[in-house]
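Any read-out appearing in this document is the output of simple, stated calculations on the displayed coordinates, not a laboratory observation. Predicted, not measured: the structure shown is a model, and the values here were computed from it. Neighbour counts are summed over all protein chains in view; Cβ atoms, including those assigned to glycine, are modelled from backbone coordinates with ideal geometry.
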Amino acid sequence: MYKCIRDLREDRDLTQKQLAAALSCSQQVYSNYELGQRDIPTDILIKLSSFYHVSVDYILGISDDPKVRK
């Protein structure tokens with residue numbers, strides 16, 4: 001999951017600071033999510049899913065299919 005959110009961010013050429021601003025958290029908190037040093041709260045998972053237009057299952061590594069389920 002942690003590698004996934006880093007890869008999603010890097011694929012879009014975003015900085016941690018930019019993504020942290022979109023999630024309303026500090027860059028340090030977001031960095032801790034990517035490093036696996038802090039659990040990602042459910043509301044942040046949902047925001048990431050919406051931001052990247054991928055399913056939460058994809059972020060969690062449950063599915064290889066990034067499509068959001070309708």
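In segment 1-14, which residue that is part of a loop (DSSP other than H, G, I, E, B) and loosely packed, with under 12 Cβ neighbours inside 10 Å is farthest from the chain's Cα centre (by Cα)?
Per the criteria, the residue is Asp13.
For residues that are over 16 Å from Lys3 (Cβ atoms) and of a type in the set (Ser, Thr, Tyr), scanning just segment 15-40, find the one that is surrounded by the fewest Cβ atoms within 10 Å (Cβ to Cβ).
Only one residue fits best here, namely Ser24.
Take Asp43 and decide whether it is surrounded by fewer than 13 Cβ atoms within 10 Å (Cβ to Cβ), of a type in the set (D, E, K, R), out of contact with any strand residue (DSSP E or B) (no Cβ under 7 Å at 6 or more places or on another chain) and outside any loop (DSSP other than H, G, I, E, B).
In short, yes.
With respect to Gln37, is the statement that it is assigned to a helix (DSSP H, G or I) and free of Cβ contacts under 8 Å to residues at least 60 places away in the same chain true?
Taking the combined requirement at face value, the residue does not satisfy it.
Out of the residues in segment 46-66 that are in contact (Cβ under 8 Å) with a residue 24 or more places away in the chain and assigned to a helix (DSSP H, G or I), which is surrounded by the fewest Cβ atoms within 10 Å (Cβ to Cβ)?
Only one residue fits best here, namely Leu60.
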